[in-house]
Amino acid sequence: MWRPWLQTARPADWRGTLAWLGVFALTAMFLFAAVAARLPGTWVAAAGGSPWIVRATLVLIVLWLARWCAALVYAMIPGTPVVAFGRLRMRARGRFLQLHRDELADVWVERRPYPAGETIVVRGPEPRTYDVCPLDWPGAEHVYRQLSRWLR
C-alpha cells in the first residue's frame, strides 16, 4: 500500500541521473511549500490547533507522492525494467519484451563483463535467458525481490 505497485530500477547513466534530479527538484519544491505555506485555519483547527501536525502530514503526503512520481518517471526511461500487474517489461536484444509471471522459469544473478557487472537474469518460457538489468542500478534489488517472489 505504501510502496508503488510499480517496481523499477533507475539506470545508472545520464538519463537516470537526469530523471532523479527532476524528481528531487519537484519534491524539494513541494516540501518547501508544505513547510513554508500559510495553512488554512480550518485545517489547523481540525488538528487541535497545532500547525505542526498539519505540516508533518503534508510532508508525509509529499514524500509518498514523490515515490510514486519517481517510479512512474523511471518507468518511462527506455531500457528500464518494469515489474507491474504480474508482468515483467524490459528491453531485450534491441526490442521490448513482456513476460507474464507464469512464463518465468527461473531468476538469478550472474557476473557479466566490466560495464554491467552483476546482472539479474531470467529464464523465459523457451530455454532462452534474458538480462534484466545490472544489480548496481538503484532499485534493482526490489525488482529482483519481486521476481523471486513470483517463483515461490
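So which residues in region 54-88 are open to solvent by 40 Å² or more (accessible area, probe 1.4 Å) and small (Gly, Ala, Ser), if there are any at all?
Residue satisfying the conditions is 56 alone.
Being over 13 Å from the mean Cα position of the chain (by Cα) and on the phi > 0 side of the Ramachandran plot narrows it down to one of 22, 41, 48, so name that one.
On the way: 22 fails: on the phi > 0 side of the Ramachandran plot; 41 fails: on the phi > 0 side of the Ramachandran plot.
Answer to the check: 48.
Can you pull out the residues in region 80-107 that are assigned to a loop (DSSP other than H, G, I, E, B) and among the polar types (S, T, N, Q)?
Step one: list which residues in region 80-107 are assigned to a loop (DSSP other than H, G, I, E, B), which gives 80-81, 85-86, 93-94, 104-105.
80 - this is the single residue of region 80-107 that is assigned to a loop (DSSP other than H, G, I, E, B) and among the polar types (S, T, N, Q).
Among the listed residues 126, 110, identify the single one that is in a strand (DSSP E or B), surrounded by fewer than 13 Cβ atoms within 10 Å (Cβ to Cβ) and not aliphatic (A, V, I, L, M). Give the steps one after another, and end with the answer.
Values: 126 fails: in a strand (DSSP E or B).
Criteria check complete, one pass: 110.
I'd like to know if region 31-46 contains one or more residues that are open to solvent by less than 90 Å² (accessible area, probe 1.4 Å), polar (S, T, N, Q) and either in contact (Cβ under 8 Å) with a residue 40 or more places away in the chain or more than 19 Å from residue 134 (Cα to Cα) (or both).
No, region 31-46 contains no residue that is open to solvent by less than 90 Å² (accessible area, probe 1.4 Å), polar (S, T, N, Q) and either in contact (Cβ under 8 Å) with a residue 40 or more places away in the chain or more than 19 Å from residue 134 (Cα to Cα) (or both).
When you look at residue 105, is it surrounded by 10 or more Cβ atoms within 10 Å (Cβ to Cβ), in contact (Cβ under 8 Å) with a residue 12 or more places away in the chain and within 23 Å of residue 21 (Cβ to Cβ), yes or no? Explain how you work it out, then say what you get.
Details: surrounded by 10 or more Cβ atoms within 10 Å (Cβ to Cβ): yes; in contact (Cβ under 8 Å) with a residue 12 or more places away in the chain: yes; within 23 Å of residue 21 (Cβ to Cβ): no.
In short, no.
Go through region 128-149 and count every residue that is closer than 10 Å to residue 106 by Cα and over 18 Å from the mean Cα position of the chain (by Cα). Spell out the reasoning first.
We begin by selecting, within region 128-149, every residue closer than 10 Å to residue 106 by Cα; these are 129, 147-148.
Of the ones still in play, those that are also over 18 Å from the mean Cα position of the chain (by Cα) are 129.
Matching residues across region 128-149 total 1.
Can you name the number of the only condition in (1) in contact with a strand residue (DSSP E or B) (Cβ under 8 Å, 6 or more places away or on another chain); (2) surrounded by fewer than 16 Cβ atoms within 10 Å (Cβ to Cβ); (3) of a type outside the set (D, E, K, R) that residue 99 fails?
The single condition residue 99 does not satisfy is (2).
Test residue 71 against the criterion of being under 28 Å from residue 2 (Cα atoms) and either modelled with pLDDT of 90 or more or part of a loop (DSSP other than H, G, I, E, B) (or both), and give yes or no.
Criteria met by residue 71.
Between residues in region 6-21 that are more than 10 Å from residue 70 (Cα to Cα) and in contact (Cβ under 8 Å) with a residue 40 or more places away in the chain and residues that are surrounded by fewer than 19 Cβ atoms within 10 Å (Cβ to Cβ) and of a type in the set (Asp, Glu), which pairs lie under 7 Å by C-beta distance while being six or more apart or on different chains?
Every condition considered, the pairs that remain are 12/136.
Report whether or not residue 91 is surrounded by 13 or more Cβ atoms within 10 Å (Cβ to Cβ) and of a type in the set (D, E, K, R). Step through it out loud before you land on a result.
Numbers: surrounded by 13 or more Cβ atoms within 10 Å (Cβ to Cβ): yes; of a type in the set (D, E, K, R): yes.
Yes.
Find the residue count for region 6-30, including only residues that are farther than 15 Å from residue 76 by Cα and either of a type in the set (Val, Ile, Thr) or open to solvent by 100 Å² or more (accessible area, probe 1.4 Å) (or both).
Final tally of qualifying residues: 4.
The values are calculated or read from the model by the stated rules, or taken from the named source; none is laboratory data. Just so it is clear, the model here is predicted, and its values are computed rather than measured. Reconstructed Cβ throughout: ideal geometry from the backbone, glycine too, with neighbour counts over all protein chains shown. Just the protein is used for accessible areas: all its heavy atoms, side chains included, with ligands, DNA and RNA removed. Shrake-Rupley method; radii C 1.70, N 1.55, O 1.52, S 1.80 Å.
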